[in-house]
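Readers should treat all values here as calculations from the given coordinates under stated rules, not as data from a laboratory. Note that the structure is predicted; figures quoted are calculated from it, not measured. Virtual Cβ from ideal backbone geometry, glycine too; neighbours counted across all protein chains shown.
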Amino acid sequence: MKIINNILRKIRNFFYKNLKRGIELRKLENINDDTLNSVVRALKHVISNKISQEEKFWVDKIENLRRNLLTSTNEITIVDYGAISPNTCLTEVEKDKGRIIKKTIGVAIKGSVPYTEGILLFKLVKEFQPSTCLELGTALGISSSYQSAALELNNRGRMVTIEGAKSVAELARENHKILGLSRVISKIGKFENVLEEIINEIKPVDFVFIDGNHEETATLNYFNTIAPSLSDYAILVFDDLRWSKGMKRAWKALTQDNRIKFAIDLIGMGILVISKSENKKRVFKLLLK
């Protein structure tokens, strides 16, 4: 009886989740905004697992690379400037100095953006067709590979990805080269030190993915540094919204910012849309998986 009840509960949860998701999608679809519409198309493609043959070519290449990296026992030394865990409290001196971490590539790659979130980034760039993309937190290059692969398919646009750890950034560059990605440039440096200069070089920025230091103050500072150089129609994606209480507060503050017109909470990731064609702010919550 217990097994049957568990099965029935899972069935009810499945239908309830899909019902709620369908309702939120219809709300989004009913809004006449080109930028938001590109986000909705991307979300629908991810939910339905819709991948064309030309898209599958790049997806397979990236996921094959991921699988190869997972088996690597080569060790790398990383200088990490971000928070280690949600409960870590670092002094300014500790943040500035960073922490030396040694791990194998196989372990390091496990922290990369998962498949579904990678596909979401890929589809967002593919549908939105940005001219300039910016990423904070390259890691080993999986997320930047998905975004720059979409730029390759669009046959337009460029991407700059920033990584604080030199050893990691160099590996990401090699991975981009292995994949044959020509529209991505990897920059090395602490975000606080290089972000403003890089933005001034590439602005206006159309698409941003922030997956670096998951601290409340740092996250809000990144947004406030980037925001003045965003295009009139732009998309920002934030990862690990519920990584810590601080990240939850940061997301709430971002959704309330007057510069944001649409905010979509995907539980793990969050999407912010800037649009000059819409005056009313709207916030949505959507279960991606």
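Put in line by how crowded their Cβ is, counting other Cβ atoms within 10 Å and starting with the fewest, Glu215, Glu192 read Glu192, Glu215. Ordering Phe284, Phe57, Phe122, Phe223 from the fewest to the most neighbouring beta carbons within 10 Å gives Phe57, Phe284, Phe223, Phe122. On the basis of the beta-carbon distance and an R0 of 30 Å, Leu287 and Ala253 show a calculated FRET efficiency of 0.85. Simple rule: put +1 on each Lys or Arg Cβ and -1 on each Asp or Glu Cβ in the chain, find the dipole, and look at Met247, Val160, Ile100; the Cα lying farthest toward the positive end is Met247. Maximal additional length on extending the Ser48-Val79 stretch stands at 7.2 nm, based on 0.36 nm per residue less the C-alpha distance.
Between Ser72 and Asn37, what FRET efficiency comes out of the Förster formula 1/(1 + (r/R0)^6) with R0 = 30 Å and r the beta carbon distance, rounded to 0.05?
Working: r = 41 Å, r/R0 = 1.36.
The computed FRET efficiency comes out at 0.15.
Distance check, please: which entries in Lys103/Lys177; Lys177/Lys248; Lys56/Lys102 exceed 30 angstrom between their Cα atoms? Pairs exceeding the cut-off: Lys177/Lys248; Lys56/Lys102.
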